[in-house]
Amino acid sequence: MSRWRQQGSLWCLDSPEASGVIEFIGGSYLAATPQISYRRLLEALCRRGLSLRAWSYVPGFDHQAQATEAWRAFRGVRQDPSAGTRALPVLRLGHSLGCKLHLLAPDGGRGSSALAAMSFNNFSADRSIPLLADLAPRLGVRTEFSPSPQETLRLVGQLYGVPRNLLIRFGSDPLDQSPPLLEVLQQRPGDASSLLQLGGDHLTPASAGLRQNLLGTWADDPLRQRQIDRLAAAIDTWWRQDGARGPA
């Protein structure tokens with residue numbers, strides 16, 4: 001496994017004998033430094049033979065614009081001959097808001113073989129940002145994400161074209177909204193989406209790597225590490241069984 005390297009807004013980690021490429025978008029402000037915040041999970045997947053492309057961003061209100069920006073960054077690296085991954089199948093992986101951004105990609109997901117969506121979150125801005133409903137009118141700022149939660153699900157049902165999707169829901173996660181997404185996906189002809197329930201909480205994909213980087217090895221939590229190992233194994237097993245093929 002090589003070292004992390006930055007290429008524009010992407011952090012890249014290559015597996016020596018990669019059988020596929022993961023395009024990863026994290027959630028909320030953890031996504032500003034995905035190579036740190038999600039290091040444990042992403043490196044575990046890399047050890048399983050998957051090269052990583054992780055988009056770094058700070059969330060805004062225009063989610064459609066950010067989805068397009070991420071898609072362009074991934075496409076730029078994918079089409080770069082020097083990257084050595086042009087012929088490999090692509091698994092899009094998202095956490096929380098990152099799931100929504102993948103679902104809103106302008107290609108409708110068709111540049112990938114499958115999507116694994118961890119803790120899909122589609123709350124309104126008022127619900128996601130405390131005090132926004134009270135402060136926004138005073139500040140004269142926008143008070144809703146674009147597209148809105150309802151419009152997001154409508155767009156997914158109408159435009160998202162990838163049949164193979166794994167929605168991952170953690171047992172103690174009040175922010176997860178996977179069931180309504182699954183319902184929309186399964187209404188599409190030929191859909192092959194499924195829901196996987198695992199132990200953990202909303203921060204399970206991120207917490208161990210973040211804690212260790214900030215606090216040192218003494219702060220490592222063996223339970224969190226086991227949860228991340230199980231998560232990486234579940235994603236890899238599902239991908240190899242059902243998704244390791246060309247774009248949809």
Within the bounds of region 121-134, is there any residue that is at pLDDT 95 or above, open to solvent by less than 30 Å² (accessible area, probe 1.4 Å) and not in a helix (DSSP H, G or I)?
no
Return the only residue of Arg53, Arg86, Arg39 being closer than 20 Å to Trp238 by Cβ and charged (D, E, K, R).
Arg53
So which pairs qualify, if the first residue must be in region 192-205 and touching a residue at least 12 places away in the same chain (Cβ under 8 Å), the second must be of a type in the set (A, V, I, L, M) and open to solvent by 50 Å² or more (accessible area, probe 1.4 Å), the Cβ gap must be under 6 Å, and the two must be at least 6 apart or on different chains?
His202/Leu175
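Go through region 60-78 and count every residue that is open to solvent by less than 40 Å² (accessible area, probe 1.4 Å) and in contact with a Ser or Thr (Cβ under 6 Å, 6 or more places away or on another chain).
Result for region 60-78: 1.
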State all residues of region 39-50 that are crowded, with 24+ Cβ neighbours inside 10 Å and out of contact with any helix residue (DSSP H, G or I) (no Cβ under 6 Å at 6 or more places or on another chain); if no residue qualifies, say none.
Leu42, Leu50
Candidate set from region 176-191 (those that are part of a helix (DSSP H, G or I) and free of Cβ contacts under 8 Å to residues at least 24 places away in the same chain); member that is surrounded by the most Cβ atoms within 10 Å (Cβ to Cβ)
Leu182
Positions within region 1-29 being under 12 Å from the mean Cα position of the chain (by Cα) and surrounded by fewer than 22 Cβ atoms within 10 Å (Cβ to Cβ), in sequence order:
Ser28
Among the candidates Gly157, Gly199, Gly190, Gly161, residue that is of a type outside the set (Val, Ile, Thr) and modelled with pLDDT under 95:
Gly199
Would you pick out the residues in region 48-75 that are under 17 Å from Ser96 (Cβ atoms) and touching an Asp or Glu at 6+ places or on another chain (Cβ under 9 Å)?
Ala54, Trp55, Tyr57, Phe61, Ala70
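Yes or no, residue by residue, for (1) at pLDDT below 95; (2) more than 22 Å from Arg72 (Cβ to Cβ); (3) in contact with a Leu (Cβ under 6 Å, 6 or more places away or on another chain); (4) not small (Gly, Ala, Ser):
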residue	(1), (2), (3), (4)
Glu17	yes, yes, no, yes
Glu23	no, no, no, yes
Gly26	no, no, no, no
Ala31	yes, no, no, no
Pro34	no, no, no, yes
Ser37	yes, yes, yes, no
Leu41	no, yes, no, yes
Tyr57	no, no, no, yes
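The values are calculated or read from the model by the stated rules, or taken from the named source; none is laboratory data. Keep in mind the model is a prediction, meaning the values are calculated, not measured. Neighbour counts are summed over all protein chains in view; Cβ atoms, including those assigned to glycine, are modelled from backbone coordinates with ideal geometry. The area values use the complete protein model at the heavy-atom level, side chains included, leaving out ligands, DNA and RNA. Shrake-Rupley method; radii C 1.70, N 1.55, O 1.52, S 1.80 Å.
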